[in-house]
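Accompanying notes for the structure given below.
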Amino acid sequence: MDRVQLAIIGGGLVGASLALALQDGAKARGWRIVLVEPFAPGAAYQPSYDARSTALSYGSRQLYERLGIWPQVAPRAQAIERIHVSDRGRIGAARLSAGQEGVPALGYVVENAWLGQCLWQALDPEVVSWRCPAEVVRLEALEDGYRLQLDDHSLLDCDLAVLADGGRSGLREQLGIAVSHAAYGQSALIANLTPGEAHRGQAFERFTDEGPLALLPLLDDRCALVWTRAHGDATRLAGLSEQAFLGELQQAFGYRLGALRHVGARHLYPLALIEAQEQVRPHLVVLGNAAHTLHPIAGQGYNLSLRDTLVLAETLLQSAAAPGDLATLQRYGARQLRDQQLTVGFSDQVTRLFGRPDPWLAAGRTLGLLGLDLIPPAKRWFARQAMGLGTRPE
């Protein structure tokens with residue numbers, strides 16, 4: 001029976017980033033890493049109007065620089081040079097700029113397919129191999145690791161199993177790992193659109209009584225829309241004609257980018273704050289959305305997962321023990337606990353503060369946004385949170 005040191009279940013952006021972060025150290029130690037992924041990676045990149053994208057914080061750029069792939073990612077990374085935060089119908093607004101923060105960009109928006117291809121092409125086949133397309137149907141705890149049963153009935157043993165298979169992880173449930181689940185009673189409507197005026201690298205966070213919306217700059221003067229509404233209203237919006245949809249969005253967003261001209265395919269995602277109650281066990285780590293799924297409006301979810309990933313890799317490579325050693329995994333959990341608590345708390349509080357029509361909260365939001373724009377230390381703190389620099393890997 002085949003045995004490897006690490007089996008990463010999920011070869012998406014989080015799983016591939018972990019494999020890349022580990023591969024040099026793994027090669028030096030003679031470790032073998034397997035990525036198990038149900039969807040075939042590595043297909044030639046094809047630009048698409050409707051491609052899904054990820055907002056990378058400036059801190060995530062720095063992490064990808066450390067991994068050596070930022071030069072490959074950068075050609076199709078749209079820089080966020082400014083962020084405009086506003087509350088519809090109220091005077092409060094905050095403006096953040098890369099120049100004021102002394103960085104080349106506050107963040108970047110990158111198509112998932114492009115980022116994935118850059119990661120996959122950087123993996124060393126001498127260290128990292130694929131089981132793909134393949135799915136793990138069962139995980140069995142052993143004394144010295146885990147046994148993976150794949151959907152082709154093959155078995156694979158490992159010292160350390162990493163669950164990076166998404167927020168709806170069936171394996172997490174199979175292993176009896178409890179989750180806290182706080183539904184927001186909303187869905188995110190995701191789409192790409194073309195505004196009437198060039199975005200010039202500006203991102204918009206717009207809060208309304210019906211729910212927040214974000215417009216993020218993409219290449220080719222497109223924008224990525226994340227519009228949060230109550231479930232029924234989001235479903236209604238998804239079914240509107242293009243003209244009717246753009247009319248309602250225009251009313252909610254205003255004309256800061258001129259008349260909105262075109263919207264692509266619309267997708268709906270129910271929103272909840274989901275946190276795994278256990279992220280480590282002997283020979284097991286839960287990572288990415290399987291560990292914590294955040295509201296997308298603050299743009300913190302993937303960036304937190306990437307920081308988790310880099311700290312996990314560092315902790316494993318700094319230890320003299322085998323990869324599944326519980327004390328080592330607990331050190332990783334302790335190192336990332338504060339970052340996770342602060343980031344989850346920041347994302348959740350922003351969502352709840354700006355997602356309710358309460359008039360007292362609205363007045364507080366107005367004062368808060370005005371304060372952010374007028375008080376440099378508060379603005380600096382908010383900007384560092386947005387850039388993923390509020391807490392950093394040790």
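Quick rundown of the values:
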{"item": "Sole exception among (1) in a loop (DSSP other than H, G, I, E, B); (2) acidic (Asp, Glu); (3) touching a Phe, Trp or Tyr at 6+ places or on another chain (Cβ under 9 Å) for Glu140, by number", "result": "(1)"}
{"item": "Residue that is modelled with the highest pLDDT, among those in segment 176-195 that are surrounded by fewer than 18 Cβ atoms within 10 Å (Cβ to Cβ) and hydrophobic (A, V, I, L, M, F, W, C)", "result": "Ala178"}
{"item": "Total residues in segment 311-328, condition surrounded by 20 or more Cβ atoms within 10 Å (Cβ to Cβ), under 22 Å from the mean Cα position of the chain (by Cα) and in contact (Cβ under 8 Å) with a residue 60 or more places away in the chain", "result": "3"}
{"item": "Residue within segment 268-275 that is surrounded by fewer than 22 Cβ atoms within 10 Å (Cβ to Cβ) and under 30 Å from Arg32 (Cα atoms) present", "result": "yes"}
{"item": "Test for Trp114: is it surrounded by 16 or more Cβ atoms within 10 Å (Cβ to Cβ) and touching a Gly at 6+ places or on another chain (Cβ under 7 Å)", "result": "no"}
{"item": "Extreme residue, farthest from Ile9 (Cα to Cα), among residues of segment 276-304 that are crowded, with 24+ Cβ neighbours inside 10 Å and among the small types (Gly, Ala, Ser)", "result": "Gly299"}
{"item": "Listing of strands (runs of 3 or more DSSP E) fully contained in segment 56-121 that carry 1 or more residues being without any contact (Cβ under 8 Å) to a residue 60 or more places away in the chain and more than 17 Å from the chain's Cα centre (by Cα)", "result": "93-97"}
{"item": "Restricting segment 50-87 to residues that are buried (at least 16 other Cβ atoms within 10 Å of the Cβ) and charged (D, E, K, R), the residue that is modelled with the lowest pLDDT", "result": "Asp87"}
{"item": "Residue list for segment 13-43, restricted to those being within 13 Å of Leu123 (Cβ to Cβ) and assigned to a loop (DSSP other than H, G, I, E, B)", "result": "Arg32, Glu37, Pro41, Gly42"}
{"item": "Residue check for Asp233: under 30 Å from Val73 (Cα atoms), without any contact (Cβ under 8 Å) to a residue 24 or more places away in the chain and outside any strand (DSSP E or B)", "result": "no"}
{"item": "Candidates Glu173, Glu205 - the one that is surrounded by 22 or more Cβ atoms within 10 Å (Cβ to Cβ) and either outside any strand (DSSP E or B) or in contact with a helix residue (DSSP H, G or I) (Cβ under 9 Å, 6 or more places away or on another chain) (or both)", "result": "Glu205"}
{"item": "Set Gln341, Gln250, Gln336: member being surrounded by fewer than 14 Cβ atoms within 10 Å (Cβ to Cβ) and outside any loop (DSSP other than H, G, I, E, B)", "result": "Gln341"}
{"item": "Among the candidates Gln300, Gln277, Gln250, residue that is more than 28 Å from Leu20 (Cβ to Cβ), in contact (Cβ under 8 Å) with a residue 24 or more places away in the chain and not aliphatic (A, V, I, L, M)", "result": "Gln277"}
{"item": "Condition met for Ala51 (under 18 Å from the mean Cα position of the chain (by Cα), assigned to a loop (DSSP other than H, G, I, E, B) and in contact (Cβ under 8 Å) with a residue 12 or more places away in the chain)", "result": "yes"}
{"item": "Qualifying residue in segment 283-297 (condition: modelled with pLDDT under 90, more than 19 Å from Glu101 (Cβ to Cβ), in contact with a Gly (Cβ under 9 Å, 6 or more places away or on another chain) and in a helix (DSSP H, G or I))", "result": "yes"}
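So that you can scan it fast, the table gives a plain yes or no per residue for (1) under 16 Å from Asn112 (Cα atoms); (2) at pLDDT 95 or above:
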| site | (1), (2) |
| --- | --- |
| Met1 | no, no |
| Gln5 | no, yes |
| Gly12 | yes, no |
| Ala19 | no, yes |
| Gln23 | no, yes |
| Arg29 | no, yes |
| Val36 | no, yes |
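The values are calculated or read from the model by the stated rules, or taken from the named source; none is laboratory data. Keep in mind that what you see is a predicted model, and the values were worked out from it rather than measured. Cβ atoms come from the backbone with ideal geometry, glycine included; neighbour counts cover every protein chain shown.
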